[in-house]
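To start, the structure itself, in structure tokens.
The values are calculated or read from the model by the stated rules, or taken from the named source; none is laboratory data. A quick note: this is a predicted structure, and the numbers were derived from the prediction, not measured. We place every Cβ from the backbone using ideal geometry, glycine too, and count neighbours over all the protein chains shown.
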Amino acid sequence: MSATPELSPRLPQLDALRGLAALYVIVYHVMAMPEPDLAVPGAIAPAVGMGGSGVALFFVMSAFSLCLTWPRHAATGLPLRSFYLSRLARIAPLMLALLTLMVVKDQCRALPLRGWEEVLWNYSLLFGLSAPWQHGIVMGSWTIGVEMLFYVLFPLIAIAARGLWRQLALLAASFVLASWAMHGLPAPIAHLGAHAGLLRQLPVFVLGCVLFELWLRLREAPAQHRPALGAGLSLAGLGGLGALFYGLLPPIPVIGDGWYLASLFYGLLLLGLLLASNRWLVNRLTCFFGTISYSLYLVHPFLVSRLYGAFARFYAEWPPGVAYFACLALSLALTVPASWLTYRWIEKPGIRLGHRLFARLRERRRQARALPAQAAAGPAG
């Protein structure tokens, strides 16, 4: 990466967009998880129906954030250990806690639902490599399977693909690879080209890396030009998303579903907000949602799936538009406090544990290096 270590502090725009992405996924799942889908007002149905694309925004920002923080890992002298330990400490605690809850619940049935192979693949967090178990036991965790595989690749990208032109070349190559993977992979590895596969999602992650390199350059623009540039990029991103969601733009021919195009428009919005923040989108509330966004994403399916009875009563008593928003409000009223609790008691302790483990690792390394120097110096006197 072309960044320097001082770029590592959190950017509120990233937090805010993470929060909005998590909320957008919830908006979609409240509609799509029940069977049949809940009826929503026609005017917003296309936008609600595209809420799953919030995952693409998560992937773009994930890669951007990894580029932002890589110099911090590099500065430790143990970049790979620092990077992988930090990622594991960030992802594993909540994921494994919810996985354990799901496994215990499923195995306590009269006929257990899970075989040992599926359970072990999920506990490895590398289930994205397994065709039968690619989607994960925890609802929505297919994204974690993809993320973990991208983490394996990221240090190579950070070291070998530095600079904008190399990143653009990598982006083009990843598109070609994804296109081939969706149709040309041998059967045993064809799942890697499916929607939940690493090769299918790799261009979205690489796009996040390209956007980081672009941001490094655009932030050097004259201060008087940055607000207009940022506003223009934000409007282009929002306008493009609206046009895509409402069928005013054709999907790109190679893909057919607009997933990559949505990723690009989300990326334009991200760049725009980084250059000229907007307090309607970036504020204390959206940043709070961003702080707990990982919990929001993983916790909400547990709660929404247990509210179907309440949803049915709302739709029996109220018009569909009112009923949908009542379902959404109830889901958020339960999900937000529950997510704050899991963030407070599971995520944060896991992050602190990762910091302590790495500090201990560095200290052992320092002591190991000091011993030969002490031996070479010999006894004093």
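Pairs meeting the criteria (first residue in segment 352-370 and assigned to a helix (DSSP H, G or I), second residue polar (S, T, N, Q), beta carbons under 8 Å, at least 6 apart or on different chains) are GLY354/SER86; PHE358/THR76; PHE358/SER82; PHE358/SER86; ARG362/THR76. Residues considered: GLY230, GLY267, GLY247, GLY240. Of these, the only one that is over 22 Å from the mean Cα position of the chain (by Cα) and surrounded by 19 or more Cβ atoms within 10 Å (Cβ to Cβ) is GLY230.
Candidates in segment 106-133 are the residues that are part of a helix (DSSP H, G or I) and over 25 Å from SER295 (Cα atoms); of these, the one that is farthest from the chain's Cα centre (by Cα) is TRP116. Selection of segment 282-293 for residues being surrounded by 15 or more Cβ atoms within 10 Å (Cβ to Cβ) and part of a helix (DSSP H, G or I) yields THR286, CYS287, PHE288, PHE289, GLY290, THR291, SER293. A single member of GLY77, GLY49 is on the phi > 0 side of the Ramachandran plot and out of contact with any Cys (no Cβ under 7 Å at 6 or more places or on another chain), and it is GLY77. What are the residues in segment 261-287 that are of a type in the set (Ser, Thr, Tyr) and over 25 Å from ALA172 (Cβ atoms), if any? Answer for segment 261-287, where residues must be of a type in the set (Ser, Thr, Tyr) and over 25 Å from ALA172 (Cβ atoms): SER277, THR286.
For (1) in a loop (DSSP other than H, G, I, E, B); (2) modelled with pLDDT of 95 or more; (3) touching a helix residue (DSSP H, G or I) at 6+ places or on another chain (Cβ under 8 Å), each residue gets a yes or a no:
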residue: LEU270; (1), (2), (3): no, yes, yes
residue: LEU273; (1), (2), (3): no, yes, yes
residue: SER295; (1), (2), (3): no, yes, yes
residue: ARG306; (1), (2), (3): yes, yes, no
residue: ALA312; (1), (2), (3): no, yes, no
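Applying the criterion of being crowded, with 19+ Cβ neighbours inside 10 Å and within 16 Å of ALA262 (Cβ to Cβ) to the residues of segment 175-201, the residue that is farthest from the chain's Cα centre (by Cα) is ALA178. When TRP116, TRP165, TRP133 are screened for being without any contact (Cβ under 8 Å) to a residue 24 or more places away in the chain, surrounded by 13 or more Cβ atoms within 10 Å (Cβ to Cβ) and either at negative phi or not polar (S, T, N, Q) (or both), only TRP133 passes. Scanning segment 72-99 for residues that are in a helix (DSSP H, G or I) and surrounded by fewer than 15 Cβ atoms within 10 Å (Cβ to Cβ) yields ALA75, LEU80. On the given criteria, is ALA323 closer than 17 Å to ILE26 by Cα, out of contact with any Gly (no Cβ under 6 Å at 6 or more places or on another chain) and free of Cβ contacts under 8 Å to residues at least 24 places away in the same chain? No.
Residues that are surrounded by fewer than 19 Cβ atoms within 10 Å (Cβ to Cβ), within 17 Å of ALA32 (Cβ to Cβ) and aromatic (Phe, Trp, Tyr) within segment 315-335 comprise TYR315, PHE325, listed in sequence order.
In a helix (DSSP H, G or I), β-branched (Val, Ile, Thr) and crowded, with 23+ Cβ neighbours inside 10 Å: does that describe VAL103? Answer is no for this residue. Restricting VAL25, VAL30, VAL60 to residues that are modelled with pLDDT of 95 or more, within 12 Å of LEU270 (Cβ to Cβ), among the hydrophobic types (A, V, I, L, M, F, W, C) and touching a helix residue (DSSP H, G or I) at 6+ places or on another chain (Cβ under 6 Å) narrows the list to VAL60.
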